[in-house]
Amino acid sequence: MKTENAWKKYKDRTPVFDFSEKYKKFMSTCKTERECVDEMISQAEKAGYRNLEEVLEKGESLRPGDKVYANNMGKTLAMYLIGEEPIEKGMRILGAHVDSPRLDLKQNPLYEDTEMALLDTHYYGGVKKYQWVTLPLALHGVAAKKNGEVVKVVIGEDPADPVVGVSDLLIHLAAKQQQKTAAEVIEGEKLDILVGSIPLEGEEEEPVKAQILQILKEKYGIEEEDFLSAELEVVPAGEARDYGLDRSMVMAYGHDDRVCAYPSFMAMLAQENVKYTSVCLLVDKEEIGSVGATGMQSRFFENTTAEVMNAAGQYSELLLRRALKNSKMLSSDVSAAYDSNYPEVMEKKNAAYLGHGITFNKYTGSRGKSGSNDANAEYMASLRRVMEESGVSFQTAELGRVDAGGGGTIAYILANYNMEVIDCGVAVLNMHAPWEIASKVDIYEAFLGYCAFLKNM
């Protein structure tokens with residue numbers, strides 16, 4: 001039952017490396033959910049996708065072969081390629097999330113202490129807080145002003161930009177700190193970002209803070225009160241890079257889960273005529289429970305599907321329910337790659353390995369499969385057939401040893417519609433760290449696997 005290393009089947013590795021170059025470029029510029037959605041909409045429109053809102057406003061009908069997308073608050077994207085079969089017979093859905101663990105600025109973040117200006121943060125998602133200190137960090141996001149203007153902010157990515165960061169205690173004075181558990185070494189309220197130390201000339205009260213505010217106003221037109229309606233994220237600064245002397249891997253921020261979102265999106269763009277309506281669903285907030293209006297637990301996908309069916313002349317409440325029930329989905333999310341430095345948390349027979357292709361997780365969850373979807377055996381069998389017939393390298397895995405921990409995805413939420421769902425994605429090292437590692441061949445096999453699913457499932 002051993003799986004083969006997927007690199008072995010490629011005499012010509014050009015397609016693998018070419019795909020990874022495009023992926024690295026995407027990962028280097030799209031570090032927030034908003035940036036991902038903006039970039040993907042730009043590419044989708046070039047590929048012939050139209051804004052669903054505009055189609056509805058014009059009263060146009062949708063027919064097989066038509067391509068539309070829906071943008072939910074700039075953070076969630078749903079793409080539809082209308083198939084030949086009635087939508088009530090089910091869709092083929094690739095679902096991933098485009099949010100990643102990070103630090104978020106609080107609503108009142110800027111303050112001065114001992115002539116240093118800092119930004120107060122609240123970490124987002126599951127992070128090891130000690131991993132976020134002494135790194136070059138960048139600011140990405142938006143500030144919404146009272147006049148309706150939304151200002152985009154990116155500081156720290158251009159080589160000419162300054163970077164910011166979180167300081168740590170010097171080893172010479174850290175005796176007490178090092179006696180703490182890893183979870184306590186760096187506390188959440190100590191993840192404040194150092195952003196300046198020059199006082200503004202002529203300013204007596206908090207002059208360093210005043211200097212930072214002046215810089216922000218000159219460059220972005222942002223006042224201090226604009227922080228109240230801003231979404232500014234602190235992420236690792238720098239580009240995605242080749243990893244390993246053989247350049248076989250990619251080091252990037254946000255592999256979880258853009259390493260699955262990007263191949264899903266590209267697989268969608270690669271389709272032209274499909275039997276069943278194809279959907280690429282890219283959502284927000286998975287890292288904090290899929291909550292909120294842009295998370296998978298909202299009614300966005302259901303409501304948008306109803307609009308698509310109505311525009312196709314196929315809507316009723318019953319037909320919508322049938323469409324959701326009859327659909328098949330890949331919950332495109334990452335799996336934990338086997339790490340030989342930490343074999344004690346893995347069970348080798350049921351672990352995912354870098355370079356062995358796309359990974360199916362029949363179930364995720366923790367301990368007694370708590371919170372998992374646990375896909376049907378029959379569905380897994382049909383996916384095996386499709387992948388084997390398409391020549392896609394794949395493996396199966398679970399997220400570590402029983403009782404070692406666990407995690408969840410959006411799979412169970414879509415399964416609430418009674419559709420067939422399974423987790424299927426790329427194995428990742430350093431998951432949830434500022435810099436994660438993935439195999440180039442696994443990324444490419446994910447793309448091939450997602451294409452096979454949309455075409456042949």
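The values are calculated or read from the model by the stated rules, or taken from the named source; none is laboratory data. Please read these numbers as outputs of a predicted model, since none were measured by experiment. Here the Cβ is made from the backbone with ideal geometry for all residues, glycine too, and neighbour counts use every protein chain on show. Surface accessibility is based on the protein's heavy atoms, side chains included, excluding ligands, DNA and RNA. Shrake-Rupley method; radii C 1.70, N 1.55, O 1.52, S 1.80 Å.
Things worth noting here:
- Taking a Cβ cut-off of under 10 Å around N108, the surrounding Lys, Arg, Asp and Glu residues balance to a net charge of -2, with basic ones at +1 and acidic ones at -1.
- Taking the three principal axes of the alpha carbon atoms in the stretch 104-146, the coordinate ranges are 35, 28, 16 Å, sorted in descending order.
- Computed over the stretch 270-346, the P(r) tail beyond 22 angstrom holds 45 percent of alpha carbon pairs.
- Length gained on full extension, K128 to E378: 86.2 nm, using 0.36 nm per residue less the C-alpha separation.
- Using alpha carbons only: equivalent-ellipsoid semi-axes of the stretch 50-146, gyration tensor based, whole Å: 43, 18, 9
- Anchor K9: aspartates and glutamates whose Cα lies under 12 Å away (excluding residues fewer than 8 positions away in-chain): E445
- Full extension of the chain between E201 and D246 yields a length gain of 11.0 nm, computed as 0.36 nm times the residue separation minus the alpha carbon distance.
- K180 versus Q107: modelled label distance in nm, points set 7 Å from Cα along the beta carbon direction: 2.8 nm
- Entries of K22/K145; K24/K285; K328/K349; K152/K455; K325/K455 with Cα pairs more than 26 Å apart: K22/K145; K328/K349; K152/K455
- Distance in nm between pseudo-label sites at K25 and R385 (7 Å out along the Cβ direction from Cα): 3.9 nm
- Secondary-structure-derived ellipticity at 222 nm for the chain, considering helices only, amounts to -8500 deg cm²/dmol, per-run term -39500 (n - 2.57) for DSSP H runs with n ≥ 4.
- Whole-percent pair-distance distribution, where bins are 5 Å wide, for the alpha carbons of the stretch 282-323: 6, 24, 23, 14, 16, 12, 4, 0
- Length-normalised contact order of the stretch 180-245 in % [C-alpha pairs under 8 Å, at least 6 apart]: 15 percent
- When the inverse distances between all different Cα atoms of the stretch 315-434 are averaged and flipped, the Kirkwood radius reads 15.2 angstrom.
- What the Cα atoms of the stretch 203-307 give is an Rg and a Dmax of 21.0, 70 Å.
- Cleavage-rule hits, trypsin sites (Lys or Arg not before Pro), the stretch 1-100, DSSP coil, Cβ neighbours within 10 Å at most 10: K2, K11, K58
- The aspartates and glutamates whose alpha-carbon is closer than 17 Å to the alpha-carbon of K176, local same-chain residues fewer than 8 away aside, are D168, E184, E187.
- Alpha-carbon geometry of the stretch 121-238: the Rg and the Dmax are 16.4, 51 Å, given in that order.
- Rolling a 1.4 Å probe over the protein heavy atoms gives the stretch 85-169 an accessible area of 44 Å² per residue.
- The chain: angle of helix 14-29 to the longest principal axis, Cα-based, in degrees nearest 10: 40 degrees
- Apportionment of accessible area to carbon and sulfur, the stretch 84-174, percent (1.4 Å): 55 percent
- Rounded FRET efficiency, nearest 0.05, which uses the C-beta distance separating E60 from E85 and R0 of 22 Å: 0.60
- Taking 0.36 nm per residue of sequence separation and removing the Cα-Cα distance, the S370/N418 pair yields an extension gain of 15.4 nm.
- Label-point separation, D403 to K349 (7 Å along Cα→Cβ), nm: 1.8 nm
- Given R0 = 60 Å, the distance between the Cβ atoms of Y342 and S316 translates into a calculated FRET efficiency of 0.70.
- The portion of the accessible surface of the stretch 285-442 made up by carbon and sulfur, rounded to a whole percent, is 47 (1.4 Å probe; DNA, RNA and ligands excluded).
- For the stretch 314-374: accessible area per residue (Å², 1.4 Å): 47 Å²
- Förster-model FRET efficiency, 56 Å R0, K11 and E225, C-beta, rounded to 0.05: 0.40
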